[in-house]
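I'd like to ask you about the structure that follows.
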């Protein structure tokens, strides 16, 4: 369990999250994920990375229980920095990253999927940002890479979710597959990329990042400044405490 990497020997590396019960990552988990993705991309044998998860869903965001159990603001700051590191690792990975999403993809999960190069999803996958209900903000930067602007705003304000089928209609999900064929589908797409000239693919990744209209790293940090404001004003703790109490 935790974060693991499997190298297939054909240029495909799988980075897998398995943190029961819902893949809500603690602070160290985000840094571990960032390290695994960066290490896979730096390996000259890697041509493409598949980012996926085991368990009930792809990612449920940060571990709010860990955050509320910690004294002071160390866990809050750590989660912010860890998410930033993991999202940046996916975006800056030297090879294309395919996110294979099943079940829930919430909060930080949207940050990972939104920064991936390609998203494939299971039929049961759904995406959303519950941040407003948690007294926080963030990852609208990444959600805006998955849905149109007005829908992104509605999702932030209302905390509604969208399905894999809806994202497929927008073109942000490449393929939708039955849950039991998601890994197979992601690996098939990865194999198409791995068959290309690896030098050209790495330059293609670099060039596409270079023409992006939004600096995703800076944009996310800007959003997080408002999360810190909400925390200073008491809204963050109030909503996080309510969330923990609901699950107690």
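The values are calculated or read from the model by the stated rules, or taken from the named source; none is laboratory data. Keep in mind that what you see is a predicted model, and the values were worked out from it rather than measured. Note that we place each Cβ from the backbone using ideal geometry, even for glycine, and neighbour counts take in every protein chain shown.
Can you tell me how many residues in region 92-114 are touching a residue at least 40 places away in the same chain (Cβ under 8 Å), part of a helix (DSSP H, G or I) and in contact with a strand residue (DSSP E or B) (Cβ under 8 Å, 6 or more places away or on another chain)?
Within region 92-114, residues that are touching a residue at least 40 places away in the same chain (Cβ under 8 Å), part of a helix (DSSP H, G or I) and in contact with a strand residue (DSSP E or B) (Cβ under 8 Å, 6 or more places away or on another chain) number 4.
Checking residue 172 against (1) under 17 Å from residue 119 (Cβ atoms); (2) touching a helix residue (DSSP H, G or I) at 6+ places or on another chain (Cβ under 7 Å): exactly one of these is not met. Which one?
All conditions pass for residue 172, except number (2).
Sticking with this one: Only one residue in 19, 27, 48 is buried (at least 23 other Cβ atoms within 10 Å of the Cβ) and over 14 Å from the mean Cα position of the chain (by Cα), so which one is that? Write out each step before concluding.
Details: 19 fails: buried (at least 23 other Cβ atoms within 10 Å of the Cβ); 27 fails: buried (at least 23 other Cβ atoms within 10 Å of the Cβ).
Only one candidate qualifies: 48.
Next up: Does residue 34 satisfy the condition of being assigned to a helix (DSSP H, G or I), at pLDDT below 95 and on the phi < 0 side of the Ramachandran plot?
no
Hey, can you tell me all the residues within region 207-248 that are out of contact with any helix residue (DSSP H, G or I) (no Cβ under 6 Å at 6 or more places or on another chain), surrounded by 15 or more Cβ atoms within 10 Å (Cβ to Cβ) and farther than 12 Å from residue 136 by Cβ?
221
While we're looking at this one, here's another question. (1) touching a helix residue (DSSP H, G or I) at 6+ places or on another chain (Cβ under 6 Å); (2) surrounded by 22 or more Cβ atoms within 10 Å (Cβ to Cβ); (3) touching a residue at least 40 places away in the same chain (Cβ under 8 Å); (4) farther than 25 Å from residue 156 by Cα: which one isn't true of residue 38, the others all being true?
Of everything listed in (1) touching a helix residue (DSSP H, G or I) at 6+ places or on another chain (Cβ under 6 Å); (2) surrounded by 22 or more Cβ atoms within 10 Å (Cβ to Cβ); (3) touching a residue at least 40 places away in the same chain (Cβ under 8 Å); (4) farther than 25 Å from residue 156 by Cα, residue 38 misses just condition (2).
Could you please let me know if residue 124 is at pLDDT 95 or above and either surrounded by 23 or more Cβ atoms within 10 Å (Cβ to Cβ) or in contact with a helix residue (DSSP H, G or I) (Cβ under 7 Å, 6 or more places away or on another chain) (or both)?
yes
Here's another thing I want to ask about it. I need the full set of residues from region 60-78 which are on the phi < 0 side of the Ramachandran plot and in contact (Cβ under 8 Å) with a residue 24 or more places away in the chain, in order please.
Of everything in region 60-78, those that are on the phi < 0 side of the Ramachandran plot and in contact (Cβ under 8 Å) with a residue 24 or more places away in the chain turn out to be 60, 62, 63, 64, 65, 66, 67, 68, 73, 75, 76, 78.
What number goes with the only condition from (1) crowded, with 20+ Cβ neighbours inside 10 Å; (2) touching a strand residue (DSSP E or B) at 6+ places or on another chain (Cβ under 8 Å) that residue 54 does not pass?
It is condition (1) that residue 54 fails.
Yes/no matrix, rows are residues, columns are (1) assigned to a strand (DSSP E or B); (2) under 17 Å from residue 103 (Cα atoms); (3) in contact with a strand residue (DSSP E or B) (Cβ under 8 Å, 6 or more places away or on another chain):
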residue	(1), (2), (3)
119	yes, yes, yes
137	no, no, no
142	no, no, no
147	no, no, yes
